[in-house]
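The values are calculated or read from the model by the stated rules, or taken from the named source; none is laboratory data. Bear in mind that the values here come from a model prediction, so they are computed numbers and not experimental data. When we count neighbours, we look across all protein chains shown, and the Cβ atoms used for this are built from the backbone with ideal geometry, even at glycine. Side chains included, ligands, DNA and RNA excluded: accessible areas come from the protein's heavy atoms. Shrake-Rupley method; radii C 1.70, N 1.55, O 1.52, S 1.80 Å.
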Amino acid sequence: VGLVYMFNLIVGTGALTMPKAFATAGWLVSLVLLMFLGFMSYMTTTFVVEAMAAANAQLRWKRMEKRKDDEDEDSSSGVSDSDVLLQDGYERAETRPILSVQRRGSPNIFEITERVEMGQMASMFFNKVGVNLFYFCIIIYLYGDLAIYAAAVPVSLMQVTCSATGNHSCSVGGGTKYNDTDKCWGPIRRIDAYRLYLAAFTLLLGPFTFFNVQKTKYLQIMTSLMRWIAFILMIILALIRISRGQAEGHPSMAHLSGIRNLFGVCVYSFMCQHSLPSLITPISKKKHVNKLVLLDYILILAFYSLLSFTAIYCFRNDTLMDMYTLNFTNCEIINIAFIRYFLGLFPVFTISTNFPIIAVTLRNNWKTLFHREGGTYPWVVDRIVFPAITLIPPVLVAFCTHDLESLVGITGAYAGNGIQYLIPAFLAYCSRKDTQLVFGSGTVNKHLSPFRHIFWIVFVLIWGFSCFVFVTANIVLSESKL
């Protein structure tokens, strides 16, 4: 179940922008980069699992030390032995994780039984500067996520509703390239329709940022089901079109200019490191967790390749939309109106359920970053200022641009790079140093990453920093050409 959740978490919005990025960069370059970035993402996932085990060991050790101090105090204060034994037995049963209570015997100190979030791990293993940089990275990533979501929903609504009016009924993907200044309904242009939908989206979902919202089980099941139906439908429809000889795509082998966006899209599409504590901790038997996660990554890699290759051979490069689902709102591709509207509006349903959750997560991260021990925020700051600084920037970004491929590319290439490569590598390095300091150099973490040599950590860090330089240089060069 944990691995199914991981699959659902990774295969999200990023996958919908991947076909366009594949077409722009060329199929061979795209496949090689996708496989390499999948491998890198798997490696850093094992680093996070290792850091979680080290964090659990630290917490368990602190509790044992505290218990020992309490026992010493009790024995020196003249409390009877039977009272101490009773108290100690009760305390152990209450504070020891459930799994280790059930197993009896001596549990391994590195057993992952307690959920330790990435922020908590950062505060355990990093210094103050490191903790602030971690929160900065998470906040930038979540802002990017919200901007992508805030743009994706109005774009889908604009494409579906503007194309279904006038003479353009259901011809979104039929080779017709629309400009933002083209008419939508009467005097209203397409860009005006987009901004109207963005305003409606903000008014409907924005208020959730000011309250607490929780993801319900049924919403999760419904969203996952819709996602699977949509992805399978797109692959099958593209395969049918290719098998009938109606394929229009002639993708090139390599286009180096498209690598920047493809890199960002791929990093964004493999993102799961920030949610690993919630996914891995409930799994009861963690002996083969790394092998099972590897299986998950291989399946995701195959799925992404299948989706992207069917897309680039089915559609011409210039007709592939930023949001791949919109290619299927054309009558020539599918003449069943329900399927056309289901795929066209698919991002609207799934993204709308995630937007409030990510907004609340971002708001809480802002609160944690500025929190001082024992201090509380005034009501206005807590209920108005924090939600406002969470909601306004991504909506402004979405108002200025609806270029989803670039939004996903930049979010993945910068903040995604930090969360997926740099933070896990530093967590693995610092947690190893801490473990040796506390437990001695001979102690072996049972969840030690298969990439245990220091070379791999150095390799990930060099790769992460060089990616920052490469992407920045690419943006500067392309801007100077313009």
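Couple of notes before you dig in:
- Order by protection proxy (mean Cβ within 10 Å, highest first), peptides 317-329, 417-429: 417-429, 317-329
- With every protein chain in place, the chain: carbon and sulfur % of accessible area (1.4 Å): 65 percent
- Largest to smallest accessible area among 128, 433 [probe 1.4 Å]: 128, 433
- For the range 418-430, 3J(HN,Hα) computed residue by residue from phi via the Karplus equation (6.51, -1.76, 1.60; θ = phi - 60°) reads x, 6, 8, 10, 5, 5, x, 5, 5, 4, 4, 5, 5 Hz, glycine and proline entered as x.
- Residue-averaged 222 nm ellipticity for the chain, from DSSP H runs of 4+ at -39500 (n - 2.57), nearest 500: -23000 deg cm²/dmol
- Solvent-accessible surface of the chain, taken per residue with a 1.4 Å probe and all protein chains present: 48 Å².
- Close amide H partners of residue 184, meaning residues 5 or more places away or on another chain with modelled amide H under 5 Å apart, are 189, 190.
- The figure for residue 396 is an accessible area of roughly 100 square angstrom, using a 1.4 Å probe on the protein chains alone.
- Built amide H within the under 5 Å cut-off of residue 252, gap 5+: 27
- Paramagnetic label zone (point 7 Å from Cα along Cα-to-C-beta, residue 108; backbone N under 15 Å) in the range 259-300: 281, 283-292
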